[in-house]
Each structure stands twice: as C-alpha cells, then as structure tokens.
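Participant: One structure, pasted below without further comment.
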Amino acid sequence: MEKRFIYADNAATTAVSKRVLDAMLPYMTEQFGNPSSIYKLGRDAEKSITEARDRIAKCFGCSASEIYFTSGGSEADNWAIRSAALRLGEKGKKHIITTNFEHHAVLHTCQFLEKQGFEVTYLPVDEKGLITAEQVKDAIREDTAIVTVMYANNEIGTILPIKEIGAVCKEKGVLFHTDAVQAIGHVDIDVKDQNIDLMSCSGHKIHAQKGIGFLYIRKGIPMTNLIFGGAQERGRRAGTENVPAIMGLAEAVEAACENIPEKAARLSKMRDRLIDGITKIPCSRLNGDREKRLAGNVNISFLGVEGESLLLLLDANGICASSGSACTSGSLDPSHVLLALGLPHEVAHGSMRLSLSEETTEEDIDYILETVPKVIDRIRSMSPLWEDITKGKENIQKAMKFVSPLK
Ligand SMILES: *Cc1c(COP(=O)(O)O)cnc(C)c1O
C-alpha cells in the first residue's frame, strides 16, 4: 500500500476547520475593533462576542451570562477549582474530591491546593477506567468544597456517569465541576439536566484555534477573579477579548454539537474496526471500557514494545498517533492514566492512542490496520523483552496476565 499521511491524534489537537476559519477571518481584518470601545467599530465587536456567548450557551442549555471565555481548558480547570477552594476554604470547607486519572490541569491544581492545606480524595478508577456515583457519594464530607470529575478521559476515552455524579453533588449541596474538553461534540451535554455547576471546554480539541476555551459558571456561584484589570468577562477575567478566536469558538461549538448521534455512529464503526483488527496482534490489550467509550478513541497496549519507538516508526509511515501523554513532558514515566488502571509498567509503556475525527476515512483505517502489525513486528524483533516473552521466561509472567495470549 502506498504511504499516506494520516492524522490520528485528534485528542491532542485538531485542525482548524474551513468553517471556523471563515468565521474568524473578518475579525482579523476589517472588524478589528476593541469590544470596550464606544464607537461603532468597537460596539460591533462587542455585539459579535455577545452573540457568540449566546450561541455557545444554547448548545449546553445555559444562558450567555454563564459563559466565561478563557485561554483554554487548562485555564478553565485551574480557575474553577482554585476559585471554589478559595471561596469555600474561607468557610472551613477544605476538602476536594477528584479521580486519579484526571488531566494534569486538574491533578496539578489539586496538588497545589494540598500544599495550601486542602485535603484531596483521589477516587481510584476501576480496571476499565470508570468510577461510580456511589464512590463520589461515599467520599463526600461535611467539609467538601468541590467535586471535580472529568466527563471523558483524554487517553483511554472512557465516558463517566456525569449526570449521576451531578445528582449526588446536588443532593449533598456540593459544587460539581467537570472537565468536558474531550466530551464536547461526542456526547450531548445539558448542564442543567446533568446538574453541572462548572464546566471546562477547549477550542482546539473541536476544530477551533489553540488558546481559546470557556468555563461555564452556573449563575450564583461565587467565583474569585482570575485576572485583575479591566471589566471584561463581567469583571472576573480582565484583558481585551480575543475576538477572532471567540468567533471561531462559537462556530466550532455549534458544528461540534450538530448531529452528534450520526457522527458518533460513523466514527465508532471505524473505531471498532481498528480495535478488532489491532487487538488480533498477540500480547496486546484494549485499554478502557469497550462500551462507555468516546466514538473516536482507540488505546491499545503491546507487550514487548516501547511506546516511543512505536510512535517514531508510525510517524515514519505517515501516521500521527500518541502514547501515554506523559512522554510529552520529556519524562519516560508511563502515563498516570494507564497506571491508574492497574497496568504493570511493561504493559503501560507500550501503548498507542489513535483518536479519530470527522475527517478520518475508511481508507485511513485500512492503512493503519495494515501498518500497525508490521511496525509492532519490527520493534519486537529487536526487543530483548520480546525474546523473554517468546521463551516464556519467569520475569514476564505478571505482565502476561494483562494481555492476550502469545498465540
Ligand atoms: C487538552 C485537554 C485539556 C487542556 O486544554 P488546553 O486548551 O490545551 O489548555 C484539559 N483537559 C483535557 C481532558 C484535555 O484533553
């Protein structure tokens, strides 16, 4: 098969779509006004971002005044959690509940707050990468300030029972934040129906540009200012609005929320073809739940394979994929998400994530299905660990329990 170029890392970032770019361009040229200016050019910009806020709010069943633009998902996560901690910590609520497989924007914020005297409960996910509302309920205490649980995991694609967790938090009168960065465009989200108080979103995961996102803040929730200065974002986050990015974000959110069931059906067919094909490789395993899974997510581990080599060889074959996202920080530690599933290091190390988008084609899937087994064979042929495996050595018995049989 001829070499192709296939972008299968849409959970890392996505290409800006034509539709989004077209929505942005006028705001980079003629309509460049500052929304705070009082002449018409400024007022028009203000009007545009107000409309953008409204269009976004409609997609999630909230009102425009509850949408706060941020620089992306990380900022929204930091703001939501730190603000709740600061406001409620003053009242003696110094306990936070989260999971052990959140994005680092959440985990590192929690770790920072631990140093400030907060206590954090990290709920352990099960071997499929799920938690239950029961677990959350049991962890809630008198002094719990906030529960923060991601909607869908960025590495293994599991979708968590957000509505049920929201209901538990509502019943107990505890704030509920969800990092919905990966879920948007893949599942229908209604913040009121799902009892979500705070929700983070990022533009660049849904075909908008990088550096824009929003935090939904339910009306009435006391928030601290994130950036002091002008009166933008109702005085809570100062700085002249990034008008082109905001206009692109509104377009991207609308596009993402159109025809979700149809898009998910098409994507999950391709995803399943990949999973079924790739897990035929001996000593492999699918990470994450098979059913409660994002339509475009494939995450598979291979024993006797080093993730880094796998990515480099895939790249040499024109395929952009990712492994445990920890490698991006230059560390060789396996991903905290895969370790949270209970995988031994040898298995967690040899992992590959493929994340599809609406642009992925059946031909792309054919090519990946043809390329991956060849690449795995090549890496294994050079691996001392693989030699131990084929010889049935003692040192790999534990790891073997986590993967499919050798033959
Ligand atoms: C990408 C991502 C983020 C970070 O968003 P940025 O806009 O890149 O800051 C946060 N949470 C999850 C689950 C993500 O996938």
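The values are calculated or read from the model by the stated rules, or taken from the named source; none is laboratory data. Every value quoted in this text rests on a predicted model; they were computed, and no experiment measured them. In this analysis, Cβ positions are derived from the backbone assuming ideal geometry, glycine residues included, and neighbour counts consider all displayed protein chains. Accessible surface is based on the protein model in full, side chains and every heavy atom, while ligands, DNA and RNA are left aside. Shrake-Rupley method; radii C 1.70, N 1.55, O 1.52, S 1.80 Å.
Participant: Name the one entry in F101, F118, F112 that is of a type in the set (F, W, Y), in contact with a Gly (Cβ under 8 Å, 6 or more places away or on another chain) and open to solvent by 10 Å² or more (accessible area, probe 1.4 Å).
Facilitator: So the residue among F101, F118, F112 that is of a type in the set (F, W, Y), in contact with a Gly (Cβ under 8 Å, 6 or more places away or on another chain) and open to solvent by 10 Å² or more (accessible area, probe 1.4 Å) is F118.
Participant: Tell me the residue from R234, R266, R271 that is assigned to a helix (DSSP H, G or I), more than 16 Å from the ligand (Cβ to nearest atom), closer than 27 Å to R87 by Cβ and open to solvent by 10 Å² or more (accessible area, probe 1.4 Å), please. Reasoning before the result, please.
Facilitator: Numbers: R266 fails: closer than 27 Å to R87 by Cβ; R271 fails: closer than 27 Å to R87 by Cβ.
Within the list R234, R266, R271, the selection yields R234.
Participant: Just checking: which of the strands (runs of 3 or more DSSP E) contained wholly in the range 21-132 hold 2 or more residues that are within 16 Å of the ligand (Cβ to nearest atom)? First the steps, then the outcome.
Facilitator: Numbers: elements: 67-70, 95-99, 119-123.
Qualifying strands (runs of 3 or more DSSP E): 67-70, 95-99.
Participant: Could you tell me which numbered condition A348 fails, if it satisfies all but one of (1) open to solvent by 10 Å² or more (accessible area, probe 1.4 Å); (2) over 15 Å from L314 (Cβ atoms)?
Facilitator: (1)
Participant: Out of the range 286-312, which residues are assigned to a helix (DSSP H, G or I), surrounded by fewer than 18 Cβ atoms within 10 Å (Cβ to Cβ) and touching a residue at least 40 places away in the same chain (Cβ under 8 Å)?
Facilitator: Our first condition is that a residue be assigned to a helix (DSSP H, G or I); within the range 286-312, this holds for 307-312.
Narrowing the set further to residues that are surrounded by fewer than 18 Cβ atoms within 10 Å (Cβ to Cβ) leaves 308-309, 312.
Correct list: S309 only.
Participant: A follow-up question, please. Restricting attention to the range 152-170, which residues are in contact with a helix residue (DSSP H, G or I) (Cβ under 8 Å, 6 or more places away or on another chain) and open to solvent by 10 Å² or more (accessible area, probe 1.4 Å)? It would help to see each step written out before you state the result.
Facilitator: Kept after step one, since they are in contact with a helix residue (DSSP H, G or I) (Cβ under 8 Å, 6 or more places away or on another chain), are these residues of the range 152-170: 153-156, 161, 164-165, 167-169.
Those that are in contact with a helix residue (DSSP H, G or I) (Cβ under 8 Å, 6 or more places away or on another chain) and open to solvent by 10 Å² or more (accessible area, probe 1.4 Å): N154, P161, E164, A167, V168.
Participant: Residues G213, G185, G203: which one is crowded, with 24+ Cβ neighbours inside 10 Å, more than 10 Å from the ligand (Cβ to nearest atom) and under 14 Å from the mean Cα position of the chain (by Cα)?
Facilitator: Details: G213 fails: more than 10 Å from the ligand (Cβ to nearest atom); G203 fails: more than 10 Å from the ligand (Cβ to nearest atom).
Only one candidate passes the filter, namely G185.
Participant: While we're here: Looking at I396, I389, I300, I319 in this structure, which one is farther than 30 Å from H108 by Cα, of a type in the set (A, V, I, L, M, F, W, C) and modelled with pLDDT of 95 or more? So that I can check it myself, show each step before the final result.
Facilitator: Numbers: I396 fails: modelled with pLDDT of 95 or more; I389 fails: modelled with pLDDT of 95 or more; I300 fails: farther than 30 Å from H108 by Cα.
After ruling out the rest, the residue left standing is I319.
Participant: Looking at (1) in contact (Cβ under 8 Å) with a residue 40 or more places away in the chain; (2) away from the ligand (no atom under 11 Å from the Cβ), can you tell me which one G239 breaks?
Facilitator: All conditions are met except number (1).
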